[in-house]
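This report refers to the structure that appears directly beneath it.
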Amino acid sequence: MNTARPPKNKRPEPVTLKERLDALRNLPAFFKLVWQTSPWMTLVNSLLRIMRSATPLGLLYVGKLIIDQVIKISHNHDLGTHYLWQLVAAEFALALISDGLTRAITLMDSLLGDLFSNHTSVKIMAHAATLDLDQFEDAEFYDKLERARQQTVGRTILLSQVMSQVQDLITMGFLAVGLMAFNPWLIVLLLIAIIPAFLGESHFNDQSYALTRGQTPERRELDYIRYLGASDETAKEVKIFDLSGFIIERFKLLSNKFYWDNRRLSIQRSLWGTFFAMLGSIGYYAAYVFIIIKAVEGSVSIGELAFLAGSFRQLRALLEGILTRFTAVSQGAIYLRDFFEFFEIQPKITLSAKPLPFPKTIQQGFTFEDVGFRYINSERWANRHLSFTLHPGEKLALVGENGAGKTTLVKLLSRLYDPTEGRILLEGIDLKEYDLADLRLNVGIIFQDYLRYQMSFAQNIAVGNINQKENRPLIVNSAKQSLADILAAKLPGQYDQQLGKRFADGVELSGGEWQKVALARAYMRDAQLLILDEPTSALDARAEYNVFERFAELTKGKSAVLISHRFSTVRMADRILVLEKGELVEIGSHEELLIKGGRYAELFDLQAMGYR
């Protein structure tokens, strides 16, 4: 592996103490989520930990009694051993109970953690579904989404850490009572030995968080490059363009950068950790020597020596664990900020307080009034000054060069976007006043970049109206309308045939075959407006013409919007809207636009020359 050191980047700033303390405010919301995941598991886990926290003191105290009893018997053989064996049995029972409680807690942590991970993953998907399409096209949003995804698994560890923290604090309370009764200064000595390690761990956790957060965009790129280098969907182009060397080099550059950044931090953490561990050992043995001296002087019994030494040793381990874990918990709370920040993102497309139902029959059509749209963080207008009407039952074709704003227009029409300026009316009422779910149900749209789901043939069609996924007659009828039924008849499993090669027994389709499946989705709903955004680009000219001819026949009485680069198809529309740089430059029938001799006529002639 190439471990050459890449150029040193500017190190990200660590979070401040104030930010870490503020992040602890996320814990109540976190435990509210845990409780929602499974109230009874959370309660049982808490009770088990309280019981487990009392066992160390019990074991140490019974151990002290055993040692003192053994010494008494060794000095006086007439005492007998009955009481001694009772104490041994009690210690054995406590050990069994302690082990059982530990295993039960581990089990509950695992089960509750899995449920919590599933619960939060569902919440992320559910919230993502409410957000706007253009938000998904923003890099900053994607960074937040990626960090939120990472927390669904990582925060299950936080759950165990916080509950372990409470358990250890209770155990410390029990043990500290015994030590303080003997000599309170031992507790002070313990704190002096442990606090430097705590501060050091806190510092390096802050550095680690800052480093991880700063790497988020590049880690997304690393995951993408890993996908490009080993995926069934990219293998063809990687081979034909010989991209493997380029991809591997980019992967090495990024992964080595992460390696050196992490290496530098890990070395510093290890060195300082060793130093602080030595301080802790010095503090422990200073207290140990003090207790031994007291035992030699006769101030404490041998059993009390064992009890006090054991209590101090366990207190040191517990306090060290608590302080270290506190740093991890506060750090985890900072990561929780990433998780909750994602849920603070709200859609800009809002629902009307009293939404109107979609009209049963469109009478006036859709009207654009000086509509403009601009993407997030972009100064360029994707569409501007659009003013036209899509009449009921009209077939409207959109024409323009790539980047002219055709797809943005149909996304505005289906309210995947809301206009930045102007408004869109349906039946003379702003589109924003209609029930969004009802609107989407009445608009059937197939994009050029439709998804090829690694599911069955029937499921791939049913996604067009997922509420009807069990309606096989509707699925079959939709397939007939898109001519996909002929393809289904040739497949071994027909409508139950798995598509794609990701899973066993899957069959891969050609581009044209996939497009027929995708087109069937448009017929899954009885929509009053159908939109085809270049979904037939993989078909030859004759096949596309046949599809659109059939589409025009099947959508009689319904409004339709067609986007195609083939003018033989476009001329089938009632009217043609020509876009240039996002603006409407002309609109009319094929014949009208040719007579006008404008932009449409120019594009038509350019394409016609290619066929001469």
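Quick note: the coordinates plus some simple rules give every number you see, no bench work behind them. In this text the structure is predicted, and so the values were computed from the model without any measurement. Please note: Cβ atoms are built from the backbone with ideal geometry, for glycine as well, and neighbour counts cover all protein chains shown.
Shown is the FRET efficiency for Leu115 and Arg571, computed with R0 = 41 Å from the Cβ-Cβ distance and rounded to the nearest 0.05: 0.10.
Please rank Lys411, Lys32, fewest neighbouring Cβ atoms within 10 Å first, as an exposure proxy.
Final ranking by Cβ density, sparse to dense: Lys32, Lys411.
Shown for the range 54-106 is the translational diffusion coefficient from the Stokes-Einstein equation, using the Kirkwood radius over Cα pairs, a temperature of 10 °C and a viscosity of 1.306 mPa s: 132 µm²/s. For a 26 Å ceiling on Cα separation, which of these pairs sit above it: Lys432/Lys516; Lys395/Lys581; Lys480/Lys556; Lys469/Lys516? Exceeds cut-off: Lys432/Lys516.
Listed by chain and number, the lysines whose C-alpha is less than 20 Å from the C-alpha of Lys252, apart from same-chain residues fewer than 8 away, are Lys8, Lys10, Lys239. A DSSP coil position with no more than 13 other Cβ atoms inside 10 Å describes the following GluC sites (Glu not before Pro) in the range 366-469: Glu379, Glu401. Label-to-label distance, Tyr259 versus Lys490, with points set 7 angstrom from Cα along the beta-carbon direction: 4.9 nm. By the rule of a C-alpha distance below 20 Å, with chain neighbours fewer than 8 residues away ignored, the aspartates and glutamates paired with Lys490 are Asp505, Glu508, Glu513. Evaluate the Debye formula for the range 302-370 with equal point scatterers sitting on the alpha carbons, no solvent, and hand back log10 of I(q)/I(0) at q = 0.18 Å⁻¹, in q order, two decimals. Values, matching the q order: -0.90.
Site pair Glu379 and Lys294 shows an inter-label distance of 7.5 nm when each label is modelled 7 Å from Cα along Cα→Cβ. Binning the alpha carbon pair distances of the range 452-521 at 10 angstrom intervals from zero yields the distribution 24, 61, 15, expressed in whole percent. Length gained on full extension, Lys480 to Phe246, computed as 0.36 nm times the residue gap minus the Cα-Cα distance: 79.8 nm. Panel order for Trp85, Trp514, by other beta carbons found within 10 Å of each beta carbon, from fewest to most: Trp85, Trp514. One quarter of the convex hull surface, Cα atoms only: what value does that give for the range 401-465 in nm²? Computed as one quarter of the Cα hull surface, the answer is 6.0 nm².
Between Ser589 and Gln86, the simple spin-label model (points 7 angstrom out along Cα→Cβ) gives 11.0 nm.
Once R0 is set to 35 Å, what does the formula 1/(1 + (r/R0)^6) return for the Cβ-Cβ distance between Ile73 and Ala286, expressed as a FRET efficiency to the nearest 0.05? Efficiency computed from Cβ-Cβ geometry: 0.55. What is the distance in Å between the Cα centroid of the range 33-69 and that of the range 76-103? Spelled out, the Cα-based centre of one part sits 18 Å from the other.
Once the Cβ-Cβ distance of Leu47 and Glu401 is raised to the sixth power relative to R0 = 51 Å, the FRET efficiency obtained is 0.15.
Relative contact order of the range 369-475, taken over Cα pairs closer than 8 Å and 6 or more residues apart, is 21 percent. Counting charges near Arg380 (Lys, Arg +1; Asp, Glu -1) among other residues having Cβ under 10 Å from its Cβ returns a value of +2. Overall form of the range 360-400: prolate. Here a/c, set by the Cα gyration tensor axes a ≥ b ≥ c, is 1.5 or more, and a/b is the larger of a/b and b/c.
Residue order for Lys348, Lys354, Lys144, Lys294, fewest other beta carbons within 10 angstrom first, comes to Lys354, Lys348, Lys294, Lys144.
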